[in-house]
Structures are given as structure tokens and as C-alpha cells.
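Novice: Next up is a structure, given as C-alpha cells.
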Amino acid sequence: MPVSALRLTEVVLDRTNARWRELLSLARLLLGERFQTTSSGGSDGFALLFEMNKLFEEYVARSLKRALSGTELQVVSQGGRLYCLETEDGRRVFQTRPEILIKHGPRVIRVVDTKWKRIANRIDDAKQGVSQGDVYQMMAYGQLYDCDRLILLYPQHDALDHREGRQASHRVNAGTRRLDVSTIDIASSELISNRLLATMGLGRQEVETTSSTETP
């Protein structure tokens, strides 16, 4: 049915159908090919907002799960749930929930924390705009989950000189544990799973298919 055949102007709203008022107004806006502006006026408008931090995290987690499907590696979202501290009477407090854990059996081989932020590209800023609180959090995750590879993952943007992938790598407290600051270009979905694995530093030696370990 063409839009012109819809008699939207003839719809009468009363107390029996008043709950459809906002939906009708939205239909008139979209079907009438009208648009909203940010100028002042007396008409009501509509807004559709997304929690980008959560969407970015979920997109990365699902892409990794697809990439590692059928392998010996497992992706756990919002898992772990270990506690930071224990009181004198044995009660555990300050539970942790790392955004993404990559595990090989019981061993955690990657802790990934996604950040919907723009990292800086300033040569005079060694921190690249990374939050100190985020670094403290990742150090705690590394200790609690006994993991030597920690990754803060940000969206790639045009102002960065380097291509997507590892932008910086730091040794934690002069030990073997490392914290990587990495990016991924989500504007392109092409080979996103493989690109994420490369960003995680997961090569063929660590990503072994289940079938390759079976005895013929």
C-alpha cells in the first residue's frame, strides 16, 4: 500500500486509544518523510539513544565467540566474578566482572575490557588518554585471574596515525604481565572476526581446532 493511501490525518484519538498518540506521531514523521531539527519550536520530538559502551562490548564479544567457535578457546562475557578482598570473618567483598575473558580450559589467557572512547594521538602523552582507573582495574584483573595478557580495546578513528591493532604495549611492574592498548575499526565488518583475533595476538599456535586434537 502506498503511503499516500494511508489516511493518517483522519485518525481520531480519544480516551480509548490515547495510548497510541506518540506512535501515531512517529508514524506521521517517518512516513511523511519529515525530519527533526535542533532549532526551537513548540512541537514534541523523538530521540532514539543507544548505550554505545554496552553495544561495543557485545559486538566484540559475539564476534570473538564466532571466531573461536569449534576451537579449544572459550569466550566468557561478564564472567569470572572473583572477589578482590576477604574480611577477617571470611566474607568476600568487591566482586569483579571482567567484560570479556578468553579461556583455554580453566586458564584465562586474555582479559579484554572494551572502552567506547577515543584514545589520543598526542606524541607528548604517553598515556594516550587512557584512564588511570582503567589501568588499575586491569592490573587487578591480571592478578585475580592470573593472566599475563591484558587488553584495553578502543574503537579505531581517523585521527590515529597507526592502523587498527596494538597501539601501545606496556610491561606491568617489570614482570611478564603486559597491558596492551589496542583498537578495532568497526566501521568495516569485513573479516572482523579474524581482525579481532589478530588484535588479541591470537595466532595459530593458540587457536587450535578441536578436531586437530582428536585421535584418528
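Every number in this text was worked out from the coordinates using simple rules, so none of it is lab data. Because the structure is predicted, anything quoted here is derived from the model rather than measured. Cβ placement follows ideal geometry from the backbone for every residue including glycine, while neighbour counts extend to all protein chains displayed.
Novice: Which pairs, out of LYS103/LYS127; LYS54/LYS117; LYS54/LYS127, put more than 18 Å between their alpha-carbon atoms?
Specialist: Details: LYS103/LYS127 28 Å; LYS54/LYS117 12 Å; LYS54/LYS127 24 Å.
Over 18 Å apart, Cα to Cα: LYS103/LYS127; LYS54/LYS127.
Novice: Rounding to the nearest 20 debye, state how big the charge dipole of the range 52-209 is about its Cα centre with +1 on each Lys and Arg Cβ and -1 on each Asp and Glu Cβ. Please report the intermediate quantities before stating the final value.
Specialist: Values: 24 positive and 21 negative charges, 32 e Å.
That gives a dipole near 160 debye.
Novice: Identify the GluC sites (Glu not before Pro) of the range 43-104 meeting these criteria: DSSP loop state and at most 15 other C-beta atoms within 10 Å of the C-beta. Write out the running numbers ahead of the final one.
Specialist: Working: sites: GLU51, GLU57, GLU58, GLU72, GLU86, GLU88, GLU99; in loops: GLU51, GLU72, GLU88, GLU99.
Passing sites in the range 43-104 are GLU51, GLU72, GLU88.
Novice: Please express the Cα-Cα pair-distance distribution P(r) of the range 52-209 as a list of whole percents, one per 5 Å bin, running from 0 to the bin with the greatest distance.
Specialist: 2, 8, 18, 22, 21, 15, 8, 4, 2, 1, 0
Novice: Looking at the range 54-203, what % of its DSSP beta bridges pair antiparallel, to the nearest 5? Walk me through the numbers before you get to the answer.
Specialist: Numbers: 19 of 30 bridges.
Percentage antiparallel, nearest 5: 65.
Novice: For the range 1-31, state which trypsin sites (Lys or Arg not before Pro) are in a DSSP loop and have at most 12 other beta carbons lying within 10 Å of their beta carbon. Don't skip to the end; give the middle numbers.
Specialist: Details: sites: ARG7, ARG15, ARG19, ARG21, ARG28; in loops: ARG7, ARG15.
Answer in residue order: ARG7, ARG15.
Novice: Within the range 123-184, list the trypsin sites (Lys or Arg not before Pro) lying in a DSSP loop whose Cβ has at most 13 other Cβ atoms in a 10 Å radius. Mind dumping the intermediate values first?
Specialist: Working: sites: LYS127, ARG149, ARG163, ARG166, ARG171, ARG177, ARG178; in loops: LYS127, ARG163, ARG177.
Listed in order of number, the matching sites are ARG163.
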